[in-house]
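**Q** Have a look at this one before I ask anything.
The values are calculated or read from the model by the stated rules, or taken from the named source; none is laboratory data. This is a predicted model, so every value here is computed, not measured. In this analysis, Cβ positions are derived from the backbone assuming ideal geometry, glycine residues included, and neighbour counts consider all displayed protein chains. These area figures cover heavy atoms from the full protein model, side chains too; ligands, DNA and RNA do not enter into them. Shrake-Rupley method; radii C 1.70, N 1.55, O 1.52, S 1.80 Å.
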Amino acid sequence: MANCPFCDKNIINGVCEGCGYREYNSNTEEIWGEAVEKESTVIYEEPKRYEEKQMAYDKNLGSLWKWIFVLITIFYSPLVGLIASIVLITRPYLSYKSFGFKLLILSIVLSVFRLILVVLALFFNVAIFGTQQLVQGIGSIISIL
């Protein structure tokens, strides 16, 4: 026969004779106290792909900055746009990265376009003025420097 842990009286059928303490038996299906049994389900989460992982706080690049970067890239130098795009791509925010990739593509396209224009200008200068006058112009530029 078991004794009550609080008053040391006999426990009969899980109930103390002295203080009314009830002994918990884990083998029974009965729920003690104010607990309510509810239906539960298990939710299995699928791992998210890289594109779906978003930060809780995603900064957006303002449209004014986007316009400034594009105008500097077009009118000033594609090299500045290339540097700005690399800086934007290295940022942890998705909106910065997406605009950085677009700016990188714009910079590369403008660089190739400018290279084509320089080659065409050199070809037409040689065709119109001849190589002798072109060499004299380059020589005078080198002597000035």
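**Q** What do you reckon, how do K97, K9, K59 stack up by accessible area (1.4 Å probe), largest on top?
**A** Descending accessible area places them as K9, K59, K97.
**Q** From the phi of every residue in the stretch 79-94, what ³J(HN,Hα) in whole Hz does the Karplus formula 6.51 cos²θ - 1.76 cosθ + 1.60 yield, where θ is phi - 60° and glycine or proline is x?
**A** 5, 5, x, 5, 5, 5, 5, 5, 5, 5, 5, 7, 6, x, 8, 5
**Q** Can you put Y21, Y76 in order of accessible area, largest first, using a 1.4 Å probe? Don't jump to the answer; show the numbers that get you there.
**A** Working: Y21 75, Y76 165 Å².
Result of the area sort, largest leading: Y76, Y21.
**Q** Excluding T73 itself, what net charge comes from residues whose Cβ is under 15 Å from its Cβ, given Lys and Arg +1 and Asp and Glu -1?
**A** The answer is +3.
**Q** OK, next. Across the stretch 72-77, in residue order, what do the Karplus-derived ³J(HN,Hα) couplings come to in whole Hz, using 6.51 cos²θ - 1.76 cosθ + 1.60 with θ = phi - 60° and x for Gly and Pro?
**A** Result, ordered by residue: 5, 5, 6, 8, 9, 6 Hz.
**Q** With label points built 7 Å along Cα→Cβ from the Cα atoms of Y76 and T131, find their separation and express it in nm.
**A** Output for this residue pair reads 4.0 nm.
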